[in-house]
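Below: the structure, in structure tokens.
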Amino acid sequence: MTLAVCLLVGCATQTQQLKMNESKEQFKNGDLQNTTAAIQGAFKDKNTLYYMELGEVQRLQGPARIPNSTQNLLAADQLVSRWEVTTSDKLRRSFSGASAYVLSEGFSSEYDPKPYEVSLLSQTIALNHISQGRWNDAMVEAKKMAQREKVIEELIQSRVAAVSKVEQEQQNNPNTQGASSRIENISGYPINLLDDEETRSLKNSYQNPAAYYLSGFIHESQGEASLAAPGYRLAIELRPQVNFFKTSIAKLDSNIANQGKKSFADTLIIIDTGYMPKITPYQISQSFNLGGNPKLVTLTFPVIEKSTERFRPTMVQLGDRVANPELVANIDAMARKNLRDEMPAYVLRASSRALVSLAAQYAADRAAQQAANKRSQNNQNNQNNGSAALIGAIAGMITGYSLQAINVTDVRHWSTLPAQTYMARMGLPIGPTVLKYTLPSGVTASQTVNLVGGYNVVYIRMFRNRATVLTSNDPAALPPKDPVVSIPIAVSPATLSTTLISPVSPLPALVEPKPSEGAFAGLKKLWGGFQEPQPEESAPTVTTPVPVVVPATPVLAAPISSSSTTPNTIPASGNMEGVKPYEPPNLLNSFQQLFN
């Protein structure tokens, strides 16, 4: 039962990411409606990754979708908070807990967010709040970035220590002495994809200069010099070559002192370009020595493809002023750095599972041989001897194949993120301003943006031949006024003055814990992941207790997911050269081969 559950979950997570990879061309072309449908079809469980993917694509559909995007991203944010607590507990509780955590990757439908994704989640939620004119809420997200950085740093240190402990334990086990955590020991892995100059230059995989600078800009807009300065300083520390970072810290005090006298629009321009590279399963045949004989085993590792379609914005103009966008964050390199840091755990996991598989198969073969010898000594006929040998062979194949089949690797990732972030800061006239920019296709596009006195953010997400533009304080991004329905509630007079009614709010989506399920219910649910996807139309809502006088009038929440359409089936291009396609194990074929 355990093996079956692990195998089904592992295959389900692989299938989910493969479906997302197939929709990559739609996303690159800016076909956000079909990308939304692909997300809804790929995910059977609404986990953290589902809400991040859906929330990101919704915000790129324009200002009217920002409220729905914010609600889904806040649902992801709550799951990330829960992940922080549970993961910390697993890694610190005991050695057995750490060992189980290290060796169990790939067997859960839940999603452990990557460190750089956690930073970008807070950054994206903050940008949504700014679009809706909620600068105070954006400041809360900015503070959360700094708080989570400490948690992520501790989690990474705990993971490193856990991998070291597990490797030592495996070395002390006769069946797994050959286990290793060094990717250099795995011949054939394309290590060059994780060892380029940009990746090596990063301090770590989770500190995002763009997020730090945005945090400083938000705090400055609220007059918080003591909170803005650390954000600017960290951005400078990580990207010292960006000129306007240094200007911002130098002018911080004077900017805040003269906020009431500003006669121009202090505008931060953020431009996201490129696409996150795919992470796919990569199979390598590796030889292990067992019982004095070399055994060939197929291992599976995650591999990240080469960077493609990188674009530096060459022309961005507002009115008669030309911006000079500078590269402030290379998210592509952050993803490579993260995978490089996690490779010791992946290698240890794969090699340990392979050795356990071989040891189990070897034990089954020996048991079959001993059974055959015993029957021979008891003068059993040759037919019984042959039956014992056949049974032993089948047992060995099932044991070894089953354990090898769960040698899966989790390749899920937030695939709709940009690859690079550029920024520029300018003082511009207040009022309607024509924004012009050149797209990767070479086409120049333009539209009018409205800038207000004080602080503004203009966000541009560039696709191949189109772009999405979002601006701060945009009236189109405000939550719609939903119809109010009166629902009488019976309340006793004694409790009338103290009753709290919970109307539905369009703000953070709270995700309720799922009730526990039995093993067979879990298998049934997992098996459903292999059937045809049915797009889902709903997302969680939140109830926030607010003291009101009854009877209450709950507000009807607007649907979160856009209507489903048939996804485009154009295959994704740009596959990495030399990568073998991932083939899920087929137990039936192995039985057929045995009896043939």
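Okay, here's what the table says:
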quantity: Condition met for SER263 (under 30 Å from LEU439 (Cβ atoms) and touching a Gly at 6+ places or on another chain (Cβ under 9 Å)); calculated: no
quantity: Single residue of SER205, SER215, SER187 found to be under 20 Å from the mean Cα position of the chain (by Cα) and either assigned to a helix (DSSP H, G or I) or at pLDDT below 95 (or both); calculated: SER205
quantity: Residues located in the stretch 251-269, provided they are exposed (fewer than 12 other Cβ atoms within 10 Å of the Cβ) and either at pLDDT 95 or above or not hydrophobic (A, V, I, L, M, F, W, C) (or both); calculated: SER254, ASN258, GLY260, LYS261, SER263
quantity: Given (1) farther than 17 Å from MET426 by Cα; (2) in contact with a Phe, Trp or Tyr (Cβ under 8 Å, 6 or more places away or on another chain); (3) at pLDDT 90 or above, number of the condition LYS278 does not satisfy; calculated: (2)
quantity: Residues within the stretch 442-463 that are in contact with a Lys or Arg (Cβ under 8 Å, 6 or more places away or on another chain) and modelled with pLDDT of 95 or more, tallied; calculated: 4
quantity: Contacts under 7 angstrom Cβ, first residue in the stretch 169-181 being among the β-branched types (Val, Ile, Thr), partner not in a loop (DSSP other than H, G, I, E, B), 6 or more apart; calculated: THR176/GLN170; THR176/SER352; THR176/LEU355; THR176/VAL356
quantity: Conditions (1) surrounded by 19 or more Cβ atoms within 10 Å (Cβ to Cβ); (2) of a type in the set (Ser, Thr, Tyr); (3) more than 19 Å from LEU127 (Cα to Cα); number of the one not met by THR247; calculated: (1)
quantity: Search result, residues across the stretch 248-282 that are closer than 24 Å to TYR459 by Cα and without any contact (Cβ under 8 Å) to a residue 40 or more places away in the chain; calculated: ILE249, LYS251, LEU252, ASN255, ILE256
quantity: Hey, ALA146 modelled with pLDDT under 85, under 19 Å from GLU220 (Cα atoms) and open to solvent by 10 Å² or more (accessible area, probe 1.4 Å) or not; calculated: yes
quantity: Every residue from the stretch 419-435 that is touching a helix residue (DSSP H, G or I) at 6+ places or on another chain (Cβ under 6 Å) and of a type outside the set (S, T, N, Q); calculated: ALA419, ARG425
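The values are calculated or read from the model by the stated rules, or taken from the named source; none is laboratory data. Predicted model only: the values in this text are computed from it and were never measured. Because the Cβ atoms are built from the backbone with ideal geometry, glycine has one as well, and the counts that use them run over all protein chains shown. Quick note on the areas: whole protein, heavy atoms, side chains included, nothing else; ligands and nucleic acids left out. Shrake-Rupley method; radii C 1.70, N 1.55, O 1.52, S 1.80 Å.
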